[in-house]
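J.: One structure, as structure tokens, below. Some questions next.
The values are calculated or read from the model by the stated rules, or taken from the named source; none is laboratory data. Fair warning: this is a prediction, and the values are worked out from it, not measured in the lab. Note: ideal-geometry Cβ built from the backbone for every residue, glycine included; neighbour counts use all protein chains shown. Protein only, heavy atoms only, side chains kept; ligands, DNA and RNA dropped before computing areas. Shrake-Rupley method; radii C 1.70, N 1.55, O 1.52, S 1.80 Å.
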Amino acid sequence: MNLIQLDIAALKTSDSQNNTYVLLLNELEGKRQLPIVIGWCEARSIALALEESEPPERPLTHDLFLSISDNFDININKVIIHTLNEGIFHASFFCISKNNKEIEIDARTSDAVAIAVRFKCPIFTYEDVLSKAGIILDKKIEDDFIQEEEKINRSEDERLKDLTVNKLKKMLNKAIEKEDYEYASEIRDELNKRKKE
């Protein structure tokens with residue numbers, strides 16, 4: 001089967017699900033686009049890698065993978081989104097070992113793309129996947145995607161400022177339940193700022 005190369009067009013908040021984003025991949029030699037729903041963490045990881053901004057103080061999972069790969073001389077040469085099954089995309093990334101053997105490793109599509117961006121390797125899919133799930137967006141919708149991508153790139157503090165007090169309180173409770181005390185303290189600080197105002 002022939003591979004069709006894709007590139008990243010945009011990231012957009014999902015209208016249908018909370019805390020999810022749509023990763024929009026363009027067909028390089030055509031007009032079709034592949035929309036893939038991904039989580040907030042993966043969207044942030046992809047956005048940070050695309051910006052090539054300073055890495056966070058503590059490495060994200062995908063940065064950690066890059067560091068391990070660099071230290072053990074592992075190279076990723078491509079990512080393939082190979083299957084669409086019951087609305088879920090399946091992908092693999094391909095490593096080249098020391099003896100030049102290509103090894104396929106199964107991955108979530110969002111993780112595979114985040115890794116591809118860091119390794120600067122191409123992303124591919126097959127015609128049957130693109131014909132099943134590919135869309136052609138008009139210019140206005142594409143512009144909306146670009147505007148949404150800019151929102152993802154804002155700092156976490158700015159995002160917290162956009163939320164209602166009720167939403168912040170619910171998020172605080174969830175963060176405490178998950179024992180994510182660092183995030184809980186950031187939410188608490190935002191709530192305290194609003195009390196003072």
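J.: Taking only segment 1-36 into account, find how many residues are in contact (Cβ under 8 Å) with a residue 40 or more places away in the chain, of a type outside the set (D, E, K, R) and not in a loop (DSSP other than H, G, I, E, B). If you could, list the steps in order and put the result at the bottom.
T.: Taking segment 1-36 first, the residues in contact (Cβ under 8 Å) with a residue 40 or more places away in the chain are 1-13, 21-25, 27, 31-36.
Retained after the next criterion (residues that are of a type outside the set (D, E, K, R)): 1-6, 8-11, 13, 21-25, 33-36.
Those left that are additionally not in a loop (DSSP other than H, G, I, E, B): 3-6, 8-11, 13, 21-25, 33-36.
Residues meeting the conditions: 18.
J.: For segment 77-96, does any single residue satisfy the condition of being among the hydrophobic types (A, V, I, L, M, F, W, C), out of contact with any strand residue (DSSP E or B) (no Cβ under 8 Å at 6 or more places or on another chain), open to solvent by 80 Å² or more (accessible area, probe 1.4 Å) and closer than 25 Å to E182 by Cα?
T.: The answer is no; no qualifying residue exists.
J.: From the residues in segment 171-197 that are basic (K, R) and within 24 Å of the chain's Cα centre (by Cα), which one is least open to solvent (accessible area, probe 1.4 Å)? Quick ask: steps written out before the conclusion?
T.: To start, the set of residues in segment 171-197 that are basic (K, R) comprises 174, 178, 188, 193-196.
Checking which are within 24 Å of the chain's Cα centre (by Cα) leaves us with 174, 178.
Values: K174: 127, K178: 162 Å².
Top of the filtered list is K174.
J.: I'm checking my understanding of the structure. Among residues of segment 103-114 that are in a strand (DSSP E or B) and either basic (K, R) or open to solvent by 30 Å² or more (accessible area, probe 1.4 Å) (or both), which one is farthest from L23 (Cα to Cα)? Lay out the reasoning, then the answer.
T.: Our first condition is that a residue be in a strand (DSSP E or B); within segment 103-114, this holds for 103-108.
Pick out the ones that are also either basic (K, R) or open to solvent by 30 Å² or more (accessible area, probe 1.4 Å) (or both) and you get 103-106, 108.
On the way: I103: 26, E104: 23, I105: 21, D106: 19, R108: 13 Å.
Taking the candidates together, the pick is I103.
J.: Determine which single condition E27 fails, assuming it passes every other condition in (1) closer than 19 Å to I135 by Cα; (2) in contact with a His (Cβ under 8 Å, 6 or more places away or on another chain).
T.: Answer for E27: the failing condition is (2).
J.: Say whether the condition of being free of Cβ contacts under 8 Å to residues at least 40 places away in the same chain, part of a helix (DSSP H, G or I) and in contact with a strand residue (DSSP E or B) (Cβ under 8 Å, 6 or more places away or on another chain) is met by at least one residue in segment 37-60.
T.: yes
J.: Output the number of the condition that L64 fails; it satisfies all remaining conditions of (1) loosely packed, with under 12 Cβ neighbours inside 10 Å; (2) outside any helix (DSSP H, G or I).
T.: If we test L64 against (1) loosely packed, with under 12 Cβ neighbours inside 10 Å; (2) outside any helix (DSSP H, G or I), just (2) comes out false.
J.: Quick one: would you say D70 is farther than 17 Å from L3 by Cβ, open to solvent by 40 Å² or more (accessible area, probe 1.4 Å) and assigned to a helix (DSSP H, G or I)?
T.: Numbers: farther than 17 Å from L3 by Cβ: yes; open to solvent by 40 Å² or more (accessible area, probe 1.4 Å): yes; assigned to a helix (DSSP H, G or I): yes.
For D70, the condition - farther than 17 Å from L3 by Cβ, open to solvent by 40 Å² or more (accessible area, probe 1.4 Å) and assigned to a helix (DSSP H, G or I) - is met.
J.: Related question: Here is a check on your reading of the model: is I115 within 16 Å of the chain's Cα centre (by Cα) and closer than 15 Å to L34 by Cα? Explain how you work it out, then say what you get.
T.: Working: within 16 Å of the chain's Cα centre (by Cα): yes; closer than 15 Å to L34 by Cα: no.
In short, no.
J.: Do we find a residue being in contact with a strand residue (DSSP E or B) (Cβ under 8 Å, 6 or more places away or on another chain), open to solvent by less than 40 Å² (accessible area, probe 1.4 Å) and charged (D, E, K, R) anywhere in segment 6-28?
T.: Scanning segment 6-28, I find at least one residue that is in contact with a strand residue (DSSP E or B) (Cβ under 8 Å, 6 or more places away or on another chain), open to solvent by less than 40 Å² (accessible area, probe 1.4 Å) and charged (D, E, K, R), so the answer is yes.
J.: Within segment 115-153, can you find the residues that are at pLDDT below 55 and either open to solvent by less than 50 Å² (accessible area, probe 1.4 Å) or on the phi > 0 side of the Ramachandran plot (or both)?
T.: Once the filter is applied, which keeps residues that are at pLDDT below 55 and either open to solvent by less than 50 Å² (accessible area, probe 1.4 Å) or on the phi > 0 side of the Ramachandran plot (or both), segment 115-153 yields F145, E148, E149, I152.
J.: Hey, among T83, T109, which residue is at pLDDT 75 or above, among the polar types (S, T, N, Q), under 17 Å from the mean Cα position of the chain (by Cα) and under 17 Å from E27 (Cα atoms)? Break it down stepwise before answering.
T.: Numbers: T83 fails: under 17 Å from the mean Cα position of the chain (by Cα).
The conditions single out T109.
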